[in-house]
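Single-structure report; data block below.
The values are calculated or read from the model by the stated rules, or taken from the named source; none is laboratory data. Note that this is a predicted model, so its numbers are computed, not measured. Note: areas computed on protein heavy atoms with side chains; ligands, DNA, RNA excluded. Shrake-Rupley method; radii C 1.70, N 1.55, O 1.52, S 1.80 Å.
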Amino acid sequence: MFTQSSHLRGDTHPTPSTCNGCIHECTIDTIRESNGVIYPRIGGQTIRFYFDSNNQTQIIFPSTCPSFKSAQRLGEQIATHCDNYRKCKQR
């Protein structure tokens with residue numbers, strides 16, 4: 001199957017990181033969907049929207065993550081808003 005997605009804007013996937021907020025240690029990485037939008041992924045789940053620290057819904061638009069690196073940083077930030085973040089380790 002012919003693809004050239006790795007050549008788009010010279011952008012490369014950053015090394016996945018691991019959330020250390022609970023015992024699940026979810027992998028944080030990125031994905032470019034077929035429509036070209038780059039999203040963060042946490043624990044294999046593509047994040048298209050999330051609730052911020054003010055409990056407001058934040059939608060991820062194409063302009064939100066113009067690169068894999070920005071999606072990775074956003075994923076690391078979103079991971080801190082997980083229901084399990086820091087709660088599992090406190091037990």
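The stretch between residue 35 and residue 58 holds 6.3 nm of extra length on full extension. This uses 0.36 nm per residue minus the Cα-Cα distance.
When the Kirkwood radius is taken over all Cα pairs of region 25-82, what Stokes-Einstein diffusion coefficient follows at 25 °C and 0.890 mPa s, in µm²/s? Stokes-Einstein gives a translational diffusion coefficient of 218 µm²/s. Here residue 59 sits with roughly 100 square angstrom of accessible surface, probe radius 1.4 Å.
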